[in-house]
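Undergrad: Sharing a structure here in structure tokens format.
A short reminder: the numbers here are calculations on the coordinates, not readings from a lab. In this text, all values refer to a predicted model and were calculated from it rather than measured experimentally. Note that each Cβ is placed from the backbone with ideal geometry, even for glycine, and that neighbours are counted across all protein chains shown.
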Amino acid sequence: MLVIAPLALLAWVGVRAAKDEQRRVGERFREVFEGQLADVESLIGKAVGEVERELYSLSSDLGGGTEELRDLVRRNRLVRQVFVRAPDGVFVHPPAPTSSTVQEREFFDRTRSIWESGIRFGLRAGGDYDHYSQNPGRYTRTVPPDAKGGQGSAPPQLGKVPWVTGNAAQVAQQELAPLSDPVSGWHTWFWGDGLNLIYWRQPFPGGPVFGVELERMAFLSDVIAALPTETGLGAGRISLSDARGRPVYQWGDYEQSDGEKPAAERALGVPLEMWRLGYFSGADDTAGQLGAGALTGLVGGLVAAGAALLGIAVFFYRGHADEMRSAAQKVSFVNQVSHELKTPLTNIRMYAELAAEKLGDEADADAGLRKCLDVVGAESGRLGRLIGNVLTFSKRDRAGHVRPAAGDVDEVVAATLEHFRPALAKAGVEIESALGAGGRRSVDGDALEQILANLFNNVEKYAASGGVLKVTTRGDGDTVEIVVEDRGGGVPKAAREKVFEPFVRLSDELTEGVSGTGIGLAIARDLARQHGGDLVLAEPGGGGGCRFVLTLAAPGAQT
């Protein structure tokens, strides 16, 4: 964990940083490409403006007769056909299809969808937009600038239009001055294999509309002639695509793959608003390479950090392993010594008890000798409990050493109390007991005795000043509860769980000058839990002190 956790955190932070940097680089590329496309669009707009100025000038000369208009078509490379349409929707030119030329009949075939839709360009006499105003974005109401870029002068006075007849003639015969900003605009439609364009102009409201159908290839050649031959940004390619996504013109050194999406796109303005500019440069690959470079640096840093952390981990592991090995040797030594001490200690206790029996109860028995034998017996018992605790603690991780058998809980409690009675009496502690567990139960008597011995021993060492040890037992179904209370100094509430930890002794006046290993309560709780119960330090009664509550799973045993 010392190595993996920091490395995982560093890797996560590094990968996120690399991805963020890759995204920022990609965004910078797109901003640059979009700026380049904006410049190209400006060039196309200028080329379209030049064409529009030329068409504006031509529309000022469309007041002549039919032959003059046909001659204009033949002379001008941008003009595919011209038309003049009266306000009532009647075509003044080209003449009726039955008397038109082949080129003029083809014009009506190409534009039939426009006229059948009911579109009429321009303004009515009252100044309102006509039906075509439903799409006002196609209108331009400006006088095209002159060649020097300034504002053009007002169009020439058209006066009367001699070849306009019918209702249109009534309007045309009026001496109407042209608009200072005549209505004009573009109309695009699809026919055949691509986009077709019409430029139209109405010199005055309610008057005839003059229109020019452009020669598409000538128009595109003028637009393309205005485009650069290099991208200006090194490796890259700019593509001009039509409404169907087909490239019309491309330039630049970069070769895009099939299906590759452009790094940046931009739509053109009127009349080529359905056409788009795209910039191909492999920007994603470039950003990916930069990101890969960052990741390579990240991996190198992680390897170096991992090596350093691994060295630290090995250092601490070896130190910990040495400590564990030393601790294991100490535990093994203590266990061996404890086992070796059990045999002579048992002999000491046995001969002390035998000597006390031989001394008998004669009145003339040596009181000093009897007292010495009592001390030997008590101290050997204390030493036996200490050795038992050490051996039990060394086996606490090996489950299964609690072996319940049929027995009487109250008898075990009473016997343990009797065993401690001399030592407690010497310490000035009075025993009070109320034993009501009742009947024989399945219980490990040795484990119960060891638990109680640790509790009673603590009363003797730490709570003798209270002068009372109260033990209560009761049975409840398959559970036995044993409560051990004293009236000593007690344990602070914040330390009630801490006292059950191994080798923990409270550093206050309660433990000052009192010997012990600090493993008694840890062993007692461990034995209780192995017995299906628990040992807790509960809230004391009204008199203060400590109140230990021991519960054991002890179902009734068959006799």
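Undergrad: Based on the Cβ-Cβ distance of Arg110 and Arg23, what FRET efficiency does E = 1/(1 + (r/R0)^6) give at R0 = 56 Å, to the nearest 0.05?
TA: 0.70
Undergrad: What value does segment 401-553 have for Rg/Rh, both radii from Cα atoms and Rh as Kirkwood defines it?
TA: The Rg/Rh ratio comes out at 0.94.
Undergrad: Now, a different point. Order of Met274, Met217 from fewest to most other C-beta atoms within 10 Å?
TA: The most exposed by this proxy come first: Met217, Met274.
Undergrad: While we're looking at this one, here's another question. Any idea how far apart Val504 and Arg403 come out in nm if each label point goes 7 Å out from Cα toward Cβ?
TA: 3.3
Undergrad: I would also like to ask the following. State, as an integer percentage, the relative contact order of segment 401-553 based on alpha-carbon contacts under 8 Å between residues 6 or more apart.
TA: 23
Undergrad: Same structure, new question: Which of the residue pairs Lys358/Lys470; Lys470/Lys493; Lys358/Lys426; Lys19/Lys261 have a Cα-Cα distance greater than 27 Å in the structure shown?
TA: Violating the 27 Å Cα-Cα cut-off are Lys358/Lys470.
Undergrad: Now a separate question. Would you order Asp534, Asp410 from fewest to most other beta-carbon atoms within 10 Å of each residue's own beta-carbon?
TA: Fewest-to-most Cβ neighbours within 10 Å comes out as Asp534, Asp410.
Undergrad: Express in nm, to one decimal, how much length is gained between Glu497 and Asp374 on full extension, taking 0.36 nm for each residue of separation and deducting their alpha carbon distance.
TA: So the extension gain works out to 40.6 nm.
Undergrad: Placing +1 at every Lys and Arg Cβ and -1 at every Asp and Glu Cβ, with all other atoms neutral, what dipole size does segment 401-553 have around its Cα centre, in debye to the nearest 20?
TA: 160
Undergrad: Follow-up. What whole-number distance in Å separates the alpha-carbon centres of segment 183-199 and segment 449-489?
TA: About 105 Å separates the Cα centre of segment 183-199 from the one of segment 449-489.
Undergrad: Residue separation times 0.36 nm, minus the C-alpha to C-alpha distance between Val90 and Glu273: what's the value?
TA: 62.9 nm
Undergrad: Report the FRET efficiency, 1/(1 + (r/R0)^6), for Asp534 and Leu354, where r is their Cβ-Cβ distance and R0 is 35 Å, rounded to 0.05.
TA: 0.30
Undergrad: Something else: If each residue's Cβ is checked for other Cβ atoms within 10 Å, how do Tyr462, Tyr279, Tyr317, Tyr199 rank with the fewest at the top?
TA: Tyr317, Tyr462, Tyr199, Tyr279
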